[in-house]
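Only one structure is covered here, and it is reproduced in the block below.
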Amino acid sequence: MKTAADMKIGEKARIEDIDNSHPSSHRLMEIGFTPGQEIEMLNKTLFNDPIAFSIRGSIIAIRKNEAASIII
Amino acid sequence: MKDQTTLNKTPLIAITGQPNTGKTTLFNQLSGKKFKTVNYPGSTVEYSISKILSKYAVNANILDSPGIISLLPVSPDEELSVQTLFKHPEHGTPDIIAVTVDASQLSRNLYLVRQLINSGFNVVVILTMLDLLHKKGFDISDKKLSEILKCDVVRVNSKTGEGIDNFLTSVNKSILQLSKLSENNSVTGHFPVSRENLLKSYTEIEQIEKDVIFNTGISETFKETDLDKINKELIVLNSPGSFQKPDEFTLKLDKFVLHKFWGLIIFFLTMLIMFTSVFYIAAPAMDLVNDAFSLWSENASDIVGDNWYGNLISQGIISGVGSVMVFLPQILILFLILSLLENSGFLARGAMIIDKPLSKIGLNGKSFVPMLSGFACAIPAMMATRTITNKKERMLTIFIIPLMSCSARLPVYALLIAFLIPKDDALTGGLILTLIYIFSIASSLVIAAVVNKFSKSFLNTNDNSSFILELPAYRKPKLTAAVTSMFSNAKQYVLKAGPVILYLSIILWVLTYLPNYDPVVNENGKSEDEIVMLKNSERIATSYASEIGYFIEPVMKPLGLDWRVGVALIATFAAREVFVSSLMVILKLLIQRKTIKVLF
């Protein structure tokens, strides 16, 4: 199972599902990470965490463990 | 509240919206007040309420509130915002909710709009950031959006104020309807929170977005030539559906600012430049202020004469206030740089870069901005921690903020350094000051790490540590806005510290000069300067202050301090910046032009 945390810089993917068991899942969806949306991995900072994604015309930085709840 | 009845009659308009959508800029336009707006979530730490400027001829109160993403809050500041929207403790439920919507990120913003409409609020949608949408080669049909949402939609350029008239026309219309509808309009607070409803809502929003956003074919022609160039590049890049692409310039710049290696270099360089400029650029200005006050003090003493009240004015009041005003240049520069960094969108990136290291010691990337503003002043910094969702991280951030060396402590350090380092050795002085700052950061981080280790026993660590932060599009910071913010912050500092320092300077003068104002000393074979010196030390040794100082000396002795520092410390209970002026009076620091002499 591939998640957004496995993406490389510049890689694009479509969100399959959001792992409901993650405590941040509801907020991730509210901010726009919904199944069917296309995301692009833009930047990783040092230690590869947090990760910046392009979603719905915005740039959102989330932690790696939160990205791991986004199934692509 | 005695104004309760009058306020109830005046309609209340609450401005809300997602972070970075231009709420506060709009509020400033309507209220005429110059509150600072920043490009970082949670900058509205306190509620601002104001009457709409009389020139707009609308009788209503407006309320500015921190940005929210959804009506289902996850952090204390969101919770407060949501509660206030439903029922403000003083002003009740808002009659109209004006929600700012970033047109370049329509779908994410419409989520909140729909929640508000479904809750039964009287909503007016304000489309902002249209320039960013135009830059991408797209536009939005406000008429269609208004039909679909069944509420008024207006386009406003909050920076120039263009479109505000339309907003007010819409508000006036709503107010008239309000009086007709009376109590029929009730706010329920029921809105879908389940996953199914959330996804259904977004599916509907996506359809709305497709219906209202259209390709302009050609990008808007801007007057500025540099924007023309960017637009020409963008036309090539435009393809159907690319309105869902973030700002091109921001993407390019982020390749460096968020680069693994260069990002870190840029981050530390920015911090370094910020702190060194606070010390070095300010130096000449500080000399100027110092000169002005000592000249003023001398003149005052010459005019009034060498008597007790002349001395009170020159030594007690002018020197006392001057010793604090001398640090105003540093405070101005610190606030200016902080404001520029915030407005440009850099601070959100800084928070992202520093999140991982800070999470290791139990903090959060979102602790970064509060910690940084802790260098200016601790109180607003602590209030800004409300954006941190995790309770433990928030408490820990609040806990270490007082360890950040705030601007009020600068005078104290500068004074102590002046005591310890020869006057002609400015470089060593600057180095020591820098070391003090590094030490304050290091000690706060060490303490955070230690507390984090042992915190499990007294803080609930069950809640989820999270970092979800929108990185706003880079915007050229408006210098005028930054300067306004700098002056209003500095004014706050002077207005809050000034009177306290003035009163205490007078009280301290009384305590240190009386009752033995003109002591008798042995003047045989001594120069004029020496006589003054002797009189000074004799006067203070027999003053009221010395009695207090001697009284608390048993406590001070083990610290290696004597009664004089004790007196200064008592005065510091009012404000820490008072320490300098009080110690100066007590130690008889005579400020002469550019030379500081210590007369013990």
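A compact table of results
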item: Residues of the stretch B:59-86 satisfying the condition of being more than 14 Å from chain A (Cβ to nearest Cβ) and among the β-branched types (Val, Ile, Thr); result: B:Ile62, B:Thr84
item: Residues (open to solvent by less than 10 Å² (accessible area, probe 1.4 Å) and more than 7 Å from chain B (Cβ to nearest Cβ)) located in the stretch A:29-45; result: A:Phe33, A:Ile39, A:Met41
item: Residue match in the stretch B:264-284 (condition: open to solvent by 10 Å² or more (accessible area, probe 1.4 Å) and touching a Lys or Arg at 6+ places or on another chain (Cβ under 8 Å)); result: no
item: Lone unmet requirement of (1) of a type in the set (Val, Ile, Thr); (2) more than 14 Å from every other protein chain (Cβ to nearest Cβ); (3) under 21 Å from A:Lys44 (Cβ atoms) for B:Val324; result: (3)
item: The stretch B:491-520, residues that are over 18 Å from B:Asn311 (Cβ atoms) and at pLDDT 75 or above; result: B:Lys491, B:Val494, B:Leu495, B:Pro499
item: Filtered residues of the stretch A:13-24 (kept if open to solvent by 10 Å² or more (accessible area, probe 1.4 Å) and facing chain B (nearest Cβ under 8 Å)); result: A:Asn20, A:Pro23
item: Considering residues of the stretch A:46-72 that are more than 7 Å from chain B (Cβ to nearest Cβ) and open to solvent by less than 10 Å² (accessible area, probe 1.4 Å) only, the residue nearest to B:Lys356 (Cα to Cα); result: A:Ile51
item: For B:Gly362: the one exception among (1) modelled with pLDDT under 90; (2) farther than 26 Å from B:Phe487 by Cβ; (3) open to solvent by 10 Å² or more (accessible area, probe 1.4 Å); (4) in contact with a helix residue (DSSP H, G or I) (Cβ under 8 Å, 6 or more places away or on another chain); result: (3)
item: Qualifying residue in the stretch A:37-53 (condition: of a type in the set (Gly, Ala, Ser) and touching a Leu at 6+ places or on another chain (Cβ under 9 Å)); result: yes
item: Residue tally, condition closer than 20 Å to B:Leu178 by Cα and in contact with a Pro (Cβ under 8 Å, 6 or more places away or on another chain), over the stretch B:79-110; result: 4
item: Subset of the stretch B:5-38 (residues that are open to solvent by less than 70 Å² (accessible area, probe 1.4 Å), touching an Asp or Glu at 6+ places or on another chain (Cβ under 8 Å) and modelled with pLDDT under 55); result: B:Leu7, B:Val38
item: Residue in the stretch B:39-55 that is open to solvent by less than 20 Å² (accessible area, probe 1.4 Å), modelled with pLDDT of 75 or more and of a type in the set (Ser, Thr, Tyr) present; result: yes
item: Output for the stretch B:377-414, where each listed residue is touching a residue at least 60 places away in the same chain (Cβ under 8 Å), among the aliphatic types (A, V, I, L, M) and surrounded by fewer than 23 Cβ atoms within 10 Å (Cβ to Cβ); result: B:Met383, B:Met395, B:Ala408, B:Val412, B:Ala414
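The values are calculated or read from the model by the stated rules, or taken from the named source; none is laboratory data. All values reported here derive from a predicted model rather than from experimental measurement. Here the Cβ is made from the backbone with ideal geometry for all residues, glycine too, and neighbour counts use every protein chain on show. Side chains included, ligands, DNA and RNA excluded: accessible areas come from the protein's heavy atoms. Shrake-Rupley method; radii C 1.70, N 1.55, O 1.52, S 1.80 Å.
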